[in-house]
Every structure is written in C-alpha cells, then in structure tokens.
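Here the structure comes first, spelled out in structure tokens, and everything after it is commentary.
Just so you know, all these numbers are worked out from the coordinates, no wet-lab data involved. These figures come from a predicted structure and were not determined experimentally. A quick note on method: Cβ atoms are made from the backbone with ideal geometry, for glycine too, and the neighbour counts reach across all protein chains shown.
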Amino acid sequence: MKLDNYEVHMASSDDSNEGRILIKNKELEKIQGKRPIVCIKGVNFKPVYAEALYADDTYLKKRGMDMVFGKNDNVIFISAWYRHKLRIEAKKFPVKGSPKGSPVTTNLDIKPLSPLNLRAILYRYPRDHPQAVVLTANMMGIIGFGLGVIGTGLGVVGIHDWLEKHFSTSFTNFSDPIGIVVLVIGFLITFLGFTGLIRRR
C-alpha cells in the first residue's frame, strides 16, 4: 500500500449532496473526464469506496486554491460524511475567513477500481454512499437478483420428473444437486442484499 500525503479540504455543497470526492494527484490524472469508483485506504480505517472526479486547474482556481493553499501536489475535497469514515477530525479544519495556514493533511492510498471488481462496485460502494436512495436501490437490485437465482434453482429441481419422463434417468442424477447448489447461491445473494440494506458497514 503506497500512502500519499494529501491536503484535505471540505467539498462544495453540490459535491457533498452527490456523494463524490474530487482529487488532485499526478498518478490519478488518467481519471480526467471520467467518474470512476475509487478505493481509499489508510492506516486506521477500513477501505472506503467513493465516486471520484479529478480536480483540474479550473476547479482549483474556482475554489481559490491558486491563492490560498495548493502547495501540495496531492489535494482531496471531501464531505463530512467521508471525513468521518476516513477518521479525519473536522475540528482541525481552518475556519472560513481565517488567516492563511496549513490545512489538514492525511496519508491515503487512492486507486481506481477495475470495472471487473463487481463486488466492490455493486456492493461495497453503495454501502459507503451518503445517499440512502443509492444504497436502497442497489441492495434491492441484489435482492431481486438473488430471488431470480432462487427461482432458477427451484425450476432446475422441479424438472426432475420431466427429465426422467422425456429423457434418460441419468439426467436426473444431476438436476437435483445442481438445483440445490443454485438455490444455496441464490439464498446467499439475497441474504447479502438484506445485510447491506440493514447495515452500512
């Protein structure tokens, strides 16, 4: 885990409401024009998942970073929701209108997720999102998928007699075990969805 030292600043109200963070980091310039899900790791908290945008020069100038801070190559704008998850104490932030000074800094490892990391994108990210509607919609989708898998398993088990009647009995030796395995997988997926709906972390 490679930790970079970031200047931490409060996100704008729009970014806070949308549940996204903005990052300035040379290694993350590749995310410009994209909105990837990133994994944020540190030394004293569980990995946190969030949607990220790149804080380009235009955004930094809009926030006054060219005149105030901005001396660090690594800057992150995050809401109170994510600051709490990252264990960053809000009381350390400079008061608006106060004289120039050193902002809060913290060591973070931020990496974009692979599109193939479905567990993190579909399950871990919604659980960290500040909007309840995002969490609910994703978990309900997982529950619905799990129920569909259960229905498939019941269908596989239910065609036992049909296979025996229209095909060889050898097919029936596989239908029940396969159906039971599919049922178990469906129940696990559904349970995962309910767990994510009830518990955030």
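Taking the Cβ of N117 as the center, what net charge do the other residues with Cβ under 12 Å away carry, scoring Lys and Arg +1 and Asp and Glu -1? Could you put the intermediate results ahead of the total?
Values: positive: K111, R119, R124; negative: none.
Overall, the nearby charge balance is +3.
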Spin-label model distance (nm) - D56 vs K111, 7 Å beyond Cα toward Cβ: 2.7 nm
Under the 7 Å Cα-to-Cβ spin-label approximation, D176 and L118 lie apart by a distance in nanometres of 3.0 nm
Can you work out the PRE-style zone for L3? Point 7 Å along Cα to Cβ, and I want the residues of region 27-42 with backbone N under 13 Å. 41-42
Given pairs K24/K85; K2/K62; K26/K62; K30/K62; K2/K46; K2/K61 and cut-off 25 Å on Cα-Cα distance, the over-length ones are K2/K62; K2/K61
Search the structure for amide H atoms under 5 Å from the amide H of S79, placed 1.01 Å from N in the peptide plane, and list their residues when 5 or more places away or on another chain. A11
